Structures are given as structure tokens and as C-alpha cells.
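Peer 1: Can you read through this structure? Questions will come right after.
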Amino acid sequence: MDLYVIRRRSNWNSPEELEATAARSSAEGEKMSDEVRWIRSYVVEEPDGKLGTVCIYEGVSPEAISRHAENTGMSADEISKVADTVIVREDPVAV
């Protein structure tokens, strides 16, 4: 599988909506485990006040990632294959 970054813009009005979608995404990912694997997501505050995400997935193709998003009921506004990773510091741990 290749590594992809997925941008989902202004998909959610509240953290609760996002949490419900994340549960659906996890369940759908279990069904498609040979095609996609959710690694992590960063939740971002959009200019319109809604929530969006920047997600890291492994996938066999952009089409598989799009199918996962469609089956989950969320957008995949941009899907970009990761060319390389530069780690300056590990992600901070929330306390």
C-alpha cells in the first residue's frame, strides 16, 4: 500500500458530528482492510467555523480511498500520494 494525505474541508459542524463519522469510517475501514488503512487525522478549524481534517491513510489507490470516503458519507476533497516524509519532531502528545 502507498501512503496518502486526504483533505476533507468543512465536513462537520461539531466535534460530535466528526466523532460519529469517525466511527463509521473505522467500521468501513474494517470491511476494506485489504484496500485502505486509516493511520491518523488532524482536525482543523476552517475559516467558515466548521471542522475539516487532514488525514493520513495507506491505500492501494486513490480510487479505493475515494470509495471508502463515499461509503462513509464524507468527502475526500483532495487525495495526494506522499512522496516522502520529513520528521523534525514527533507529534506532540495532548495532556
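Peer 1: To the nearest 10 square angstrom, how much accessible area does L51 have with a 1.4 angstrom probe?
Peer 2: 30 Å²
Peer 1: Another question about this same structure. How many angstrom separate the Cα center of segment 39-66 from the Cα center of segment 1-30?
Peer 2: About 6 Å separates the Cα centre of segment 39-66 from the one of segment 1-30.
Peer 1: For V54 and D2, compute 0.36 nm times the residue count separating them, minus their Cα-Cα distance, and round to one decimal in nm. Intermediate values should be presented prior to the final figure.
Peer 2: Numbers: separation 52, 0.36 × 52 = 18.72 nm, distance 1.65 nm.
Here the segment from V54 to D2 would lengthen by 17.1 nm.
Peer 1: Using a 1.4 Å probe over the heavy atoms of the protein chains, calculate the carbon and sulfur portion of the accessible area of the chain as a whole percent. Could you put the intermediate results ahead of the total?
Peer 2: Numbers: 3150 of 6280 Å².
Carbon and sulfur atoms account for 50 percent of the accessible area of the chain.
Peer 1: Right, something else. Using a Gaussian network model on the chain with a 10 Å cutoff between Cα atoms, which of S75, S25, S33 fluctuates the most?
Peer 2: Judging by the Gaussian network model, the answer is S33.
Peer 1: Shifting gears a bit: How large is the accessible surface of T85 in square angstrom, using a 1.4 angstrom probe and rounding to the nearest 10?
Peer 2: Estimated to the nearest 10 Å², T85 gives 90 Å².
Peer 1: Is any residue of segment 53-95 close enough, with backbone N under 11 Å, to a label point placed 7 angstrom from the Cα of R24 along the Cα-Cβ axis, and if so, which?
Peer 2: From segment 53-95, the list is 69-75.
Peer 1: Work out, step by step, the length gained on full extension between R37 and R9: first 0.36 nm times the residue separation, then minus their alpha carbon distance; give nm to one decimal.
Peer 2: Residue separation times 0.36 nm, minus the Cα-Cα distance, leaves 8.1 nm.
Peer 1: In the chain, which GluC sites (Glu not before Pro) fall in coil by DSSP and have 15 or fewer other Cβ atoms within 10 Å? All intermediate terms of the calculation are to be shown ahead of the outcome.
Peer 2: Values: sites: E16, E17, E19, E28, E30, E35, E45, E58, E63, E70, E78, E90; in loops: E35, E90.
Sparse-neighbourhood loop GluC sites (Glu not before Pro): E90.
Peer 1: Residues of the chain: accessible area per residue at 1.4 Å, in Å²?
Peer 2: Values: 6280 Å² over 95 residues.
With all protein chains present, the chain gives 66 Å² per residue.
The values are calculated or read from the model by the stated rules, or taken from the named source; none is laboratory data. Note that the coordinates shown come from a computational prediction; the quantities given were computed from them, not determined experimentally. Methodologically, a virtual Cβ is constructed for each residue, glycine included, from the backbone with ideal geometry; neighbour enumeration extends over all protein chains shown. Surface accessibility is based on the protein's heavy atoms, side chains included, excluding ligands, DNA and RNA. Shrake-Rupley method; radii C 1.70, N 1.55, O 1.52, S 1.80 Å.
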